[in-house]
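Working notes, structure below.
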Amino acid sequence: MPQIARVPLSIVQGASADFVFRWATGRRIYADISAVSDLAPLTVTATAHGIVADAWPVFLTDMEGLEEINSDCDFQRGVIVDVDTLRFDAINAKEFGPYVSGGTVTYFDPTILTGYTARMQIRPNQPSETIYEDLTTSDIRLPTTGIVVDNATKRIDVLLDSLVTAAYTWLSGVYMLEMIAPTGEVYTIAQGSVKVIQEVTR
């Protein structure tokens with residue numbers, strides 16, 4: 001059973017929204033860092049790292065040097081340069097301690113999303129029968145409103161069009177995002193509060 005992520009969402013009334021979710025298995029993957037070829041942005045060599053999607057969360061640990069980003073708690077999001085190289089555009093390591101040697105790229109194996117569908121509802125609270133929003137992968141409002149599941153990028157995008165959010169008269173609620181396997185099993189992967197920020201410029 002997957003761990004349920006608790007992710008609060010904020011929707012600006014009258015604005016489009018794209019909430020990106022990623023679903024990993026519980027299996028950790030490790031790739032040894034053999035070199036740091038650039039510091040700004042940080043670029044690391046980890047032979048056959050196995051990461052298949054840009055921005056997949058990874059942990060950089062066990063490096064001798066660069067202690068400022070050594071962490072098994074704070075993840076980073078990288079860009080795949082090639083099968084052996086990752087670039088972290090958000091990290092300027094020029095003023096960090098020098099890289100000496102070693103290190104590990106650690107990440108959770110992505111779930112294979114082929115054949116999965118998704119659904120998400122927003123309600124005032126969990127027991128309520130009132131549905132503020134009902135989103136699915138077969139939503140007739142797609143491509144601007146609904147859910148898109150992409151196995152190539154390992155992304156689950158929850159989309160809301162600006163015309164949809166402009167019509168919201170509610171200001172807060174709760175949501176739950178479920179994935180439905182090709183075999184019919186249902187997995188809850190995320191839930192949390194939803195806040196609607198009222199439009200000022202209109």
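Here F96 meets the list (1) at pLDDT below 95; (2) under 27 Å from A55 (Cβ atoms); (3) out of contact with any strand residue (DSSP E or B) (no Cβ under 8 Å at 6 or more places or on another chain) almost entirely, failing just condition (3). Taking A46 as the residue in question, decide whether it is out of contact with any helix residue (DSSP H, G or I) (no Cβ under 8 Å at 6 or more places or on another chain), of a type in the set (G, A, S) and more than 30 Å from V148 (Cα to Cα). Here the answer is yes, as A46 does meet what is asked. Would you please name the residue that is nearest to Y168 (Cα to Cα), looking only at residues in the stretch 115-126 that are free of Cβ contacts under 8 Å to residues at least 60 places away in the same chain and in a loop (DSSP other than H, G, I, E, B)? For the stretch 115-126, the residue satisfying everything is P124. Given the conditions (1) modelled with pLDDT of 95 or more; (2) of a type in the set (S, T, Y); (3) in contact with a Pro (Cβ under 8 Å, 6 or more places away or on another chain), and given that Y30 satisfies all but one, which numbered condition is not satisfied? Of (1) modelled with pLDDT of 95 or more; (2) of a type in the set (S, T, Y); (3) in contact with a Pro (Cβ under 8 Å, 6 or more places away or on another chain), only one is false for Y30: (3). Just to be sure, is E129 closer than 30 Å to D74 by Cα and free of Cβ contacts under 8 Å to residues at least 24 places away in the same chain? Against the criterion (closer than 30 Å to D74 by Cα and free of Cβ contacts under 8 Å to residues at least 24 places away in the same chain), E129 does not qualify.
Only one of these is of a type in the set (S, T, Y), in contact with a Leu (Cβ under 9 Å, 6 or more places away or on another chain) and buried (at least 16 other Cβ atoms within 10 Å of the Cβ): T104, T111. Name it.
T104
Among residues of the stretch 80-105 that are closer than 17 Å to T61 by Cβ, those with a beta-carbon under 7 Å from a residue that is among the hydroxyl-bearing types (S, T, Y) and buried (at least 16 other Cβ atoms within 10 Å of the Cβ) at least six positions away or on a different chain give the pairs G103/T61; T104/T61.
For (1) small (G, A, S); (2) without any contact (Cβ under 8 Å) to a residue 60 or more places away in the chain, each residue gets a yes or a no:
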residue	(1), (2)
Q3	no, yes
P8	no, no
Q13	no, no
D18	no, no
F21	no, no
A24	yes, no
V36	no, no
A53	yes, no
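Restricting the stretch 44-80 to residues that are in a strand (DSSP E or B) and over 21 Å from the mean Cα position of the chain (by Cα) leaves a set whose member that is surrounded by the fewest Cβ atoms within 10 Å (Cβ to Cβ) is E64.
Candidates are the residues of the stretch 1-16 that are polar (S, T, N, Q) and part of a loop (DSSP other than H, G, I, E, B); the one that is modelled with the lowest pLDDT is Q3.
The values are calculated or read from the model by the stated rules, or taken from the named source; none is laboratory data. Predicted model only: the values in this text are computed from it and were never measured. Don't worry about glycine lacking a Cβ; one is built from the backbone with ideal geometry, like all the others, and counts go over all protein chains shown.
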